[in-house]
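**Q** Before anything else, here's the structure in question.
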Amino acid sequence: MNHNLEVSKSILINADVSKVWNAMTNPEIIKEYLFGTETITDWKVGSEIIFQGEYQGHKYRDKGIVRENVLNQRISYNYWSAFTGLEDKPENYSLVTYVITQKDNNQTELTWIQKGFGDEKGYQHSMNGMDAFMQSIKAIIER
């Protein structure tokens, strides 16, 4: 795991912070932008977070621990995915953070940060897909 690799992307969304927060923490909405992934957690600091589903005929169950939760502002969790090919041990976990910032009455900035990738290929995949991923989140929130 290379913890020096980081992907960070921000986008302005035409919605208030509470609507953006809901999209980032509501399992039914997460399922829409995470390709059908079921998210299981209570979002409390120290609680487990599970991401499970099926991708190209293979079932997966990725996991982590909620590290920070500041209502309508910031969430972070560490994260391990079998897709990395790395063993499930603490040094092989990424850190994912969402930062939500109110810009004006009805515009919010969402920043998605992932630090730590199993290899350069995973990092490049995330870098190359991040714009479309963030546009998808924006479209779901603004509909």
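The values are calculated or read from the model by the stated rules, or taken from the named source; none is laboratory data. The structure presented is a predicted model; accordingly, all values stated were derived computationally and were not measured. A quick note on method: Cβ atoms are made from the backbone with ideal geometry, for glycine too, and the neighbour counts reach across all protein chains shown. All accessible areas refer to the heavy atoms of the entire protein, side chains included, with ligands and DNA or RNA removed. Shrake-Rupley method; radii C 1.70, N 1.55, O 1.52, S 1.80 Å.
**Q** DSSP loop trypsin sites (Lys or Arg not before Pro) in segment 1-81 with at most 11 other Cβ atoms within 10 Å of their Cβ, which ones?
**A** 44
**Q** Write out the GluC sites (Glu not before Pro) in segment 66-126 meeting two conditions: DSSP loop, and at most 10 other Cβ atoms within 10 Å of their Cβ.
**A** Sites meeting the loop and neighbour criteria: 87.
**Q** Given the pairs 9/138; 89/115; 19/138; 9/63, which are separated by over 18 angstrom at their Cα positions?
**A** Correct reply: 9/63.
**Q** Using the basic label-point model (7 angstrom from Cα toward the beta carbon), what is the residue 102 to residue 67 distance in nanometres?
**A** 2.7 nm
**Q** Leaving out ligands and nucleic acids, and using a 1.4 Å probe, what accessible area per residue does the chain come to in Å²?
**A** Accessible area per residue, the chain: 56 Å².
**Q** Within segment 90-115, name every residue whose backbone N is under 16 Å away from a label modeled 7 Å from Cα of residue 16 along the Cβ vector.
**A** 101-109
**Q** Just the C-alpha atoms of segment 23-69: what Rg/Rh do they give, with Rh taken as the Kirkwood radius?
**A** 0.99
**Q** Give a residue-ordered list of calculated ³J(HN,Hα) values for segment 63-74 (Karplus: 6.51 cos²θ - 1.76 cosθ + 1.60, θ = phi - 60°; whole Hz; x for Gly, Pro).
**A** 7, x, 10, 5, 9, 8, 8, 10, 2, 6, 10, 7
**Q** Something else now. Once Rh is set to the Kirkwood radius over Cα pairs, what Stokes-Einstein translational diffusion coefficient, in µm²/s, holds for segment 1-142 at a temperature of 25 °C and a viscosity of 0.890 mPa s?
**A** Diffusion coefficient, whole number: 158 µm²/s.
**Q** Given contacts defined as C-alpha pairs under 8 Å and at least six residues apart, what's the relative contact order of the chain, whole-number percent?
**A** This gives 33 percent for the chain.
**Q** With Kirkwood's inverse mean 1/r over C-alpha pairs for Rh, give me the Rg to Rh ratio of segment 1-54, two decimals please.
**A** Across segment 1-54, the Cα-based Rg/Rh ratio is 1.02.
**Q** What are the ³J(HN,Hα) couplings of segment 17-34, residue after residue, when phi is run through the Karplus curve with 6.51, -1.76, 1.60 and θ = phi - 60°? Round to Hz, x for glycine and proline.
**A** 4, 5, 6, 5, 4, 4, 5, 7, 10, 8, x, 5, 6, 4, 4, 5, 9, 9
**Q** Sticking with this one: Of the options 26, 46, 80, report the single residue whose Cα projects farthest towards the positive end of the charge dipole of the chain (beta-carbon charges: Lys, Arg +1; Asp, Glu -1).
**A** 26
**Q** Now, a different point. From the backbone phi of segment 91-108, what are the Karplus-calculated ³J(HN,Hα) couplings (6.51 cos²θ - 1.76 cosθ + 1.60, θ = phi - 60°) in whole Hz, Gly and Pro given as x?
**A** Each residue of segment 91-108 in turn: 6, 9, 9, 7, 10, 10, 9, 10, 10, 10, 10, 5, 9, 8, 3, 9, 9, 10 Hz.
**Q** Roll a 1.4 angstrom probe over the protein heavy atoms and tell me the percent of accessible area of the chain that is carbon or sulfur.
**A** Taking all protein chains in place, the chain shows 49 percent carbon and sulfur surface.
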